[in-house]
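No lab work stands behind these numbers, since they all come straight from the coordinates. Nothing here was measured: the structure is a model prediction, and the numbers come from that model.
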Amino acid sequence: MQELNISAEDKQIQEMRIAIDAIDREITGLLETRLDLAREIGYLKARDGVPILDEKREEKVIEHLLVNIRNSSLAPAMMRIYEKIMDESKQVQNS
C-alpha cells in the first residue's frame, strides 16, 4: 500500500476546506429557515394586500449587516450576498 505524501500546505488547505464544509452546512440550515420565514411573510402580505417589496426593510437589513461586520474589507462582498439573499426571499414570497 502506497503512503500518501501530503505536504503541510496541502493538509492545511484540506483542514480549512473541512471547516468551510461545516460552515456551509450551518449556512444552508439558516438560509432554509430564513426562506421558510420569508414564505410565511409572503402569505401574510398577500392576505393583507401588502406589497412584497419593502425598501425600508431592505435598507435596515443592510444597515445591520454593516454595523455587525467585523472585517470591513469584506463589506462589499457581504452586501452583494445579502442583496442576493433578499432577492431570493422576494421570489419565495411571490410564490
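Quick look at the values:
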| quantity | calculated |
| --- | --- |
| P(r) of the chain over all Cα-Cα pairs, binned every 5 Å from zero, in whole percent | 3, 11, 14, 17, 16, 11, 8, 6, 5, 4, 3, 2, 1, 0 |
| Estimated Rh, the stretch 52-95: Kirkwood, alpha-carbon pairs, angstrom | 11.0 |
| In the chain, lysine pairs closer than 20 Å at Cα, eight or more apart or cross-chain | 7 |
| Per-residue [θ]222 nm for the chain (sum of -39500 (n - 2.57) over DSSP H runs n ≥ 4, rounded to 500) | -28000 deg cm²/dmol |
